[in-house]
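All remarks here apply to the structure that follows.
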Amino acid sequence: MPKKMGRPKKLTAELTATMCDALRQGATRRSACALAGISHTTFYRWIDEAAEKGEGPEHDFRASIEASEAKNEQAYASALHDVAIGDDLDAKTADRVRALMFFLTHRHGWVQRTEVSGPDGAPVQIQSIDAAAPSVADGLAHIEALRARVGPPRP
């Protein structure tokens, strides 16, 4: 059997385990790389190679990384759920909710949405000024008429 030439691969089961443990505990990818002793550029090269090849050690590495990040997200979501169904809503609980939401939005891309509606939940009425208004004065008069109808802006 011919002897393999070249440097041994850095991608090992131990390195994968170190990174996955860190990611499950909430570390960033960059921090997990530092813990494992690799650069973040090496990490992303392996991730890209996994996407290209579809099999092999890089593919297994990528699957393990994604599973660890999903487990971390699930842990935060579960903790948030437990707080939501709990009965004790005090300042400490509110701080915990803020911390959980911070991690979910900043680490896992969760988005908080705010619904905007008109009076009594009706749809927001949108009106536009005719782009062919003969003058700026006419446009300003139209704006003033709208303000009179809608009322002053809310602070």
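Read the figures in this text as sums done on the coordinates, not as results from a lab. Here the structure is a predicted model, which is why all the values come from computation and not from measurement. Cβ placement follows ideal geometry from the backbone for every residue including glycine, while neighbour counts extend to all protein chains displayed.
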*Distance from a point 7 Å along Cα→Cβ of LYS9 to each backbone N in segment 50-67: keep the residues under 18 Å and list them by number.*
50-66
*Can you pull a Stokes-Einstein diffusion coefficient for segment 13-108 at 4 °C (1.567 mPa s), Rh from Kirkwood over Cα pairs, as a whole number of µm²/s?*
88
*Just name one of ALA32, VAL83, CYS20: the one whose Cα is farthest towards the positive end of the charge dipole of segment 13-108 (beta-carbon charges, Lys/Arg +1, Asp/Glu -1).*
ALA32
*Using just the helices of the chain, give the 222 nm mean residue ellipticity in deg cm²/dmol: DSSP H runs with n ≥ 4 each add -39,500 (n - 2.57), and the total is spread over all residues, rounded to 500.*
-20500 deg cm²/dmol
*Hey, got the dipole for the chain? About the Cα centre, +1 on K and R Cβ, -1 on D and E Cβ, debye to the nearest 20?*
860
*Find how much the distance from ALA141 to ALA75 grows on full extension, using 0.36 nm per residue of separation minus their present alpha carbon separation; answer in nm with one decimal.*
18.1 nm
